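First up is the structure itself, then whatever we jot down about it.
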Amino acid sequence: MADHMNIVDYRSPVYLQMRELIRSRIAEGIYQPGGSIPSENELAAEFEINRLTVRSAVDILVKEGLLKRVQGKGVYVTGGKIEQDVGDLKGFTSTLQESRRKSGKKILARKVRPAGIKYASMFGIDPGDPVYYIRRLCSADGEPVSLEEIYIPQAAAPRLDGVDLSVFSLREAFQLLNVELKSGFQTLDITRIGTQEARILDTEDNRNVFLVRYTSTNSQDQVVEYGKCYIRGDKFSFRVDYDTP
């Protein structure tokens, strides 16, 4: 084993030393929350140890909630177990996961653009200030269900670039970046979908779909997220619970 692995105690199992090394790299910011760590083969080659030893170390950190395995993509840093309020701020992806259907997310567009007059007014920033624009497709059991467009001021979540949003939901991303959400507001309408959106959602042109618009504010009462989501009514339904007098 390479001596740059910084072994503290030669009597300590190697996989435990590897676990602590990965943990320290996370603490030092070398491996960022929301990003992936090197593959098992890469880590094994770097430290000249067996790949199964690396896997044992990673498995422990996955059980602790510090890392998250994503099939076909790799291992990602969560920074700790993610706990979220499933009340008013529950996202669409969380709803799919709770329904026990296999949910998927595909990022169709992701860029930084000027806020412009409309979003500058919404977020309380200047028109030239940068905002993240994200367009993604959500699926359930392999079928397209919703198409979402999201706007977030860059200043509200400056390290969002480092979070893989095909792995983490936006609620999880905000938690990873220590952005505390205080409240949210949603509206629900019925609208006719356009040709491009229909093609992406694999449905007919001019079909009626749900349109959900929402905003989220942080603990300083600043709007930090605006989104609109087209949802196929033939694949998803909404429920309202209420107490009778």
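Numbers for the structure displayed
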| read-out | value |
| --- | --- |
| Volume of the Cα convex hull of segment 171-237, divided per residue and given in Å³ | 106 Å³ |
| Sites matching trypsin sites (Lys or Arg not before Pro) across segment 133-190 that sit in DSSP coil, with at most 13 neighbouring C-beta atoms within 10 Å | none |
| Residue-level accessible surface for Asp141, protein heavy atoms, 1.4 Å, Å² | 90 Å² |
| Pairwise Cα inverse-distance average, inverted: Kirkwood Rh of segment 130-209 (Å) | 14.6 Å |
| Note, ³J(HN,Hα) from phi for segment 128-140, Karplus 6.51, -1.76, 1.60, rounded to Hz, x at Gly and Pro | x, 5, x, 10, 7, 10, 10, 10, 9, 10, 9, 10, 10 |
| Projected label distance in nm at Ala155 and Asn178, using a 7 Å step from Cα toward the beta-carbon | 1.9 nm |
| Inter-label distance, nm, simple model (7 Å from Cα along the C-beta direction), Asp141/Asn41 | 3.6 nm |
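The values are calculated or read from the model by the stated rules, or taken from the named source; none is laboratory data. What you are looking at is a predicted structure, and each value in this text was computed from that prediction instead of being measured. Don't worry about glycine lacking a Cβ; one is built from the backbone with ideal geometry, like all the others, and counts go over all protein chains shown. When the accessible area is computed, the model is the full protein with side chains, heavy atoms only, and any ligands, DNA or RNA have been set aside. Shrake-Rupley method; radii C 1.70, N 1.55, O 1.52, S 1.80 Å.
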